[in-house]
Amino acid sequence: MKSSYVNFANANSTQEEVVLNFGMNNNWDRMASEVEIDLTHRIVMSPFAAKRLAELLGKLVQQYEGRYGPMK
């Protein structure tokens, strides 16, 4: 299995599929007028798989915040 680090994600969907795009924002200047994202990975899944993923991520965030406090 290959591991990758990303700091950017977005999602789109149709009735038949959910598409997740992941990549890197290498510009750390928060005042920059333009941001260039290097998209490196695309995951396509069914809406049912996306719902299971959303539930799993929700539980992980809840556990994280229980240990370390709320994220802002």
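A few points about this structure:
- Being out of contact with any Leu (no Cβ under 9 Å at 6 or more places or on another chain), surrounded by 10 or more Cβ atoms within 10 Å (Cβ to Cβ), among the hydrophobic types (A, V, I, L, M, F, W, C) and modelled with pLDDT under 95 is true of Val35.
- Residue in the range 13-32 that is nearest to Ala50 (Cα to Cα), counting only those that are without any contact (Cβ under 8 Å) to a residue 24 or more places away in the chain and not polar (S, T, N, Q): Phe22
- Of all residues in the range 49-72, those that are more than 17 Å from Glu17 (Cα to Cα) have Cβ atoms under 8 Å from Cβ atoms of residues that are of a type in the set (Val, Ile, Thr) and at pLDDT 95 or above, 6 or more apart or on another chain, in Met71/Val61.
- Being at pLDDT below 95 and either farther than 27 Å from Pro70 by Cβ or of a type in the set (A, V, I, L, M, F, W, C) (or both) is a property that Ile43 lacks.
The values are calculated or read from the model by the stated rules, or taken from the named source; none is laboratory data. This one's a predicted model, so the numbers in the text were calculated from it and none came from an experiment. Don't worry about glycine lacking a Cβ; one is built from the backbone with ideal geometry, like all the others, and counts go over all protein chains shown.
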